[in-house]
Amino acid sequence: MEKFSQAEANNEDELTQPESVGRRNFLRGVFAAGVVAAVGGQPIRELFEETLTPEQTEKELTECLEKLKSEYGVEIDFSELKDADKKIEHLSLAEQRDFAESMLGALEVYPKSYVHGSGLTTIKTGKHLRIESDNSKTSKTEAYFSSKYPERVLISKESFEGYLTDKFGWDNDRRMKSTFHHEFYHQNDPHVHDRAFNHGWTMEEATKGADPHFHTQDVFSIRREGFASTYGALGGAAEDRAEVAAALLLDPEAFERIALDEPALVDKIQKIKKEFFDRSHGIMDETYWKLRSGGDMKAIKEYFLLREQLSESSDK
Ligand SMILES: [Zn+2]
């Protein structure tokens, strides 16, 4: 739509991600059944944890942050955003803990060497991210990457959609992970502002069934053939790649099953996999994707360890 083509025309390096996916099933313990209420915009579980078990919540947050720093060299910045045209609201203790857990879960599917090599050091977050200078984006923006700050991605904990529904605060794990994968893909995409490459990508995929033109079904956010999402279809080639990468990293088995009958998606997945293979110096290979489809995170971590040890010994 217009705002996307406008962004392309201005060659903006602001890459945002409004898509909302998934539902986190984290109604645990005493809140295991039926509780979907929020008080003052904060889910009951988080209020409960903050009021009655603040030490435990704090301990979990600290452990998570230490792990992010020691294993991936990544810090989460919960402080206020200084940029004049962007606003981000503060997160409560339990919300910070939930966010940190989701980011750790997202980073765990990448080899440590990949994350270190990316140059990413900071994930900035808050409750909602608003970019005041661009009204068309204000309400929908959930994440942000600018190549002016290549070491940083911004991920909003809440989605605009969740704010308007009873999902507020309750289903964010998958969405936050997916959003992280999307922005992290941009952060490492060498072709992000390469017009010729992006044009070639769109044209080639169009021949395989991914029609880049606006469709009626886009109004209803119905995913159409050859694209991972409506945003991927409308946002241009860089967004298309980031959406495919996010869907693939979030749940490779489910996404590849969807792609089976869609030649453009099959092709895009192969290209994105090749990209990850190259970026990870061969660690994210077919064995990696097989292990990911099995869903055994322990096996994946062992595989990373083995591959990284092998590459260290061959470096000597
Ligand atoms: Zn994007």
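The values are calculated or read from the model by the stated rules, or taken from the named source; none is laboratory data. Given the structure is predicted, the values throughout are model-derived calculations rather than measurements. Cβ placement follows ideal geometry from the backbone for every residue including glycine, while neighbour counts extend to all protein chains displayed.
Summary of computed values
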read-out: Residues being of a type in the set (Asp, Glu) and either assigned by TED's automatic domain parsing to the domain that holds Gly119 or touching a residue at least 40 places away in the same chain (Cβ under 8 Å) (or both) - total across the range 276-316; value: 1
read-out: Unique match (being closer than 23 Å to Gly295 by Cβ, without any contact (Cβ under 8 Å) to a residue 24 or more places away in the chain and not assigned by TED's automatic domain parsing to the domain that holds Asp173) among Ala228, Ala233, Ala254; value: Ala254
read-out: Tally of residues being part of a helix (DSSP H, G or I), within 15 Å of the ligand (Cβ to nearest atom) and under 17 Å from Ser221 (Cα atoms) across the range 232-272; value: 8
read-out: Subset of the range 299-314 (residues that are within 16 Å of Trp289 (Cα to Cα) and not hydrophobic (A, V, I, L, M, F, W, C)); value: Lys301, Glu302, Tyr303, Arg307
read-out: Some residue of the range 273-285 being within 16 Å of the ligand (Cβ to nearest atom) and surrounded by fewer than 22 Cβ atoms within 10 Å (Cβ to Cβ); value: yes
read-out: Every residue from the range 274-316 that is part of a helix (DSSP H, G or I) and touching a Pro at 6+ places or on another chain (Cβ under 8 Å); value: Trp289, Arg292, Ser293, Phe304, Arg307, Glu308
read-out: Selection from the range 43-86 of residues that are assigned to a loop (DSSP other than H, G, I, E, B) and at pLDDT below 75; value: Leu81, Lys82, Asp83, Ala84, Asp85
read-out: Condition met for Lys268 (under 29 Å from Glu108 (Cα atoms), modelled with pLDDT of 95 or more and exposed (fewer than 12 other Cβ atoms within 10 Å of the Cβ)); value: no
